[in-house]
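Nothing in this text is a laboratory measurement; each read-out follows from the coordinates by a stated rule. No experiment lies behind these values; they were computed from the predicted model shown. Neighbour counts are summed over all protein chains in view; Cβ atoms, including those assigned to glycine, are modelled from backbone coordinates with ideal geometry.
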């Protein structure tokens, strides 16, 4: 089977975007893993498959698969790349769109110079909605990880996030602590793990260990979760610059039940086709 694709990236968070509108797409977990493999496939953090919507109020559905073949409910940078893809491939002429995902719907706004903003659903802090095991909602929770107690935030952006504040983001133990928090028993669906250093009220550094992927160059929903947590604590303003290993993203959240708006680069790297074995 030959499959056309487009490789895209947003601040180094890279994707294989597949048009399931004009071509038939039905991939197995083995095929998804092959596509994401950086040595034997194309290589990416996530695979994004765009299909017609199953909701009359939406413009498109896009399904997110992690590099290990598991499905993800949300991906902010991926949504922005999808918006650019839809315009470049002339699948739509709209500049305002609604995308349906496995999580909450996303609003896209595309400017005349093709900058893409993604409006993610309001963050959810109730433990049952993250989901996270806690007796009651709190701004910070204490969890045990290998004989140490950590104070963390828990928030859903349509996918579960745990946010840990650190003094030195570059020196944070992402490779060791990340997988322990990702698969911690208090997160029944696992979690994306953000290591946030606050530089000022409108600027942070962030590294993210993504669920089912590992550390990535950037994570849009992770940036939104970190800022939402910082705003909730009263430590951040409503408009924040987020510095990640792959580049800078902008996050704006006015609080309460407002959407979280994510901005940053979204570019096409190359187009191609890949041959995949059936099964």
| query | Tilt of helix 76-88 relative to the longest C-alpha principal axis of the chain, in degrees (0 to 90, nearest 10)? | reply | 20 degrees
| Centre separation in Å (Cα based) which lies between segment 212-279 and segment 165-199 | 16 Å
| Okay, helix-only estimate at 222 nm for the chain: each DSSP H run of n ≥ 4 adds -39500 (n - 2.57), divide by all residues, round to 500 deg cm²/dmol; what do you get? | -4500 deg cm²/dmol
| Using Cα atoms only, what is the angle between the long axis of helix 220-232 and the major principal axis of the chain, expressed in degrees (0 to 90) to the nearest 10? | 30 degrees
| task | List the relative contact order of the chain as a percent without decimals, with contacts defined as Cα pairs under 8 Å and 6+ residues apart. | result | 22 percent
| Can you give me the Cα centroid spacing of segment 17-39 and segment 41-97 in angstrom? | 13 Å
| remark: With label points set 7 Å from each Cα along the Cα-to-Cβ direction at residue 271 and residue 4, the distance between them in nm comes to 0.7 nm
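Tally the DSSP beta bridges in the chain and give the antiparallel ones as a percent, rounded to 5. Intermediate results must be reported in sequence, preceding the final value.
Working: 61 of 76 bridges.
If I count the DSSP bridges inside the chain, around 80 percent turn out antiparallel.
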| For segment 127-258, what is the percent of antiparallel DSSP beta bridges, rounded to the nearest 5? | 75 percent
